[in-house]
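Q: One structure coming up, written as structure tokens, with questions to follow.
Here, each number is a calculation from the coordinates, and none is a lab measurement. Note that the structure is a prediction, hence the values are computed from the model and not measured.
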Amino acid sequence: MSFLELAQKRYSCRKFSDKAVEQDKIDKILEAGRVAPTAVNFQSQRIFVLKSKESLEKLKTVTQYHFDAPLAFLVCYDSNVSWKNPFNNIDEGVVDASIAATHMMLEIADLGLGSTWVGYFDLKVAQKTYNLENNIIPVAILPAGYPNMGASNMHNSRFELAKTVKYL
Ligand SMILES: Cc1cc2nc3c(=O)[nH]c(=O)nc-3n(C[C@H](O)[C@H](O)[C@H](O)COP(=O)(O)O)c2cc1C
């Protein structure tokens, strides 16, 4: 499968089988996040694997979008480490974490697994629930597992290129 085919094939999976994800697959997903590009190569991404029953139960108090997945990744960045853009003072840690999460999501799809990027949660609640320090900033949750559904209508609904692209 070409990269473009993989990007087209990936969809948000919101229903999973109970089957556990094998550790070698988890390792590959984490490796995809590890090699992601980051600002100044500061590698501010911090990834928490939610695999134990206890961690997954806690996830239900963090977001309604847990989908009873057998596995989830909490993708964060460390604001003590991330690059601050001097032109606008923007903390680029959100970008670091987002690129890492995207790499992971695509690796998940390549492994025949499913996931959804979940942003609907209060980062303070996530920090408190998982005892994270204040400088560890959650950006995305990726519930993941063996898919029990196909792509939704949303996946097949994209604007024509002309709406989002302009040659200047
Ligand atoms: C930043 C971001 C936040 C999102 N948050 C949620 C969420 O909280 N819950 C959810 O079910 N899907 C969430 N999604 C998934 C989008 O709804 C989904 O990617 C979009 O509808 C396109 O569908 P597709 O991923 O199947 O192609 C989020 C996606 C992004 C990029």
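Q: Using a ≥ b ≥ c from the Cα gyration tensor of the range 101-168 (square roots of the eigenvalues), is it rounded, prolate or oblate, where a/c under 1.5 gives rounded and otherwise the larger of a/b and b/c decides, a/b for prolate?
A: Oblate.
Q: Next question, about the same structure. Can you list residues whose amide H is under 5 Å from Ala140's amide H, if they're 5+ apart or on another chain and H is modeled 1.01 Å from N?
A: Here Val75 satisfy the definition.
Q: Further question: For Lys25, which lysines qualify as cross-link partners when the Cα separation must be under 25 Å and same-chain residues fewer than eight apart are set aside?
A: Lys9, Lys15, Lys51, Lys53, Lys58, Lys60
Q: Is the C-alpha gyration tensor of the range 3-148 telling us rounded, prolate or oblate? Criteria: a/c under 1.5 is rounded; beyond that, a/b larger than b/c is prolate, otherwise oblate. Don't jump to the answer; show the numbers that get you there.
A: Details: a/c = 1.99, a/b = 1.29, b/c = 1.54.
Taking the square roots of the gyration eigenvalues as a ≥ b ≥ c, the range 3-148 is oblate.
Q: A further question on this structure: From the Cα gyration tensor of the range 49-132, with a ≥ b ≥ c the square roots of its eigenvalues, which class applies: rounded if a/c is under 1.5, or else prolate if a/b is larger than b/c, or else oblate? Can you show the working numbers first?
A: Details: a/c = 2.46, a/b = 1.40, b/c = 1.75.
Verdict is oblate for the range 49-132.
Q: With the contact rule set at Cα under 8 Å and sequence spacing of 6 or more, what percent relative contact order holds for the range 26-126? Provide the component values of the computation, followed by the final result.
A: Working: 126 pairs, mean separation 36.6, N = 101.
Value for the range 26-126: 36 percent.
Q: Ignoring everything except DSSP H segments at least 4 long, calculate the 222 nm mean residue ellipticity for the chain; use -39,500 (n - 2.57) per segment, divide by total residues, nearest 500.
A: -10000 deg cm²/dmol
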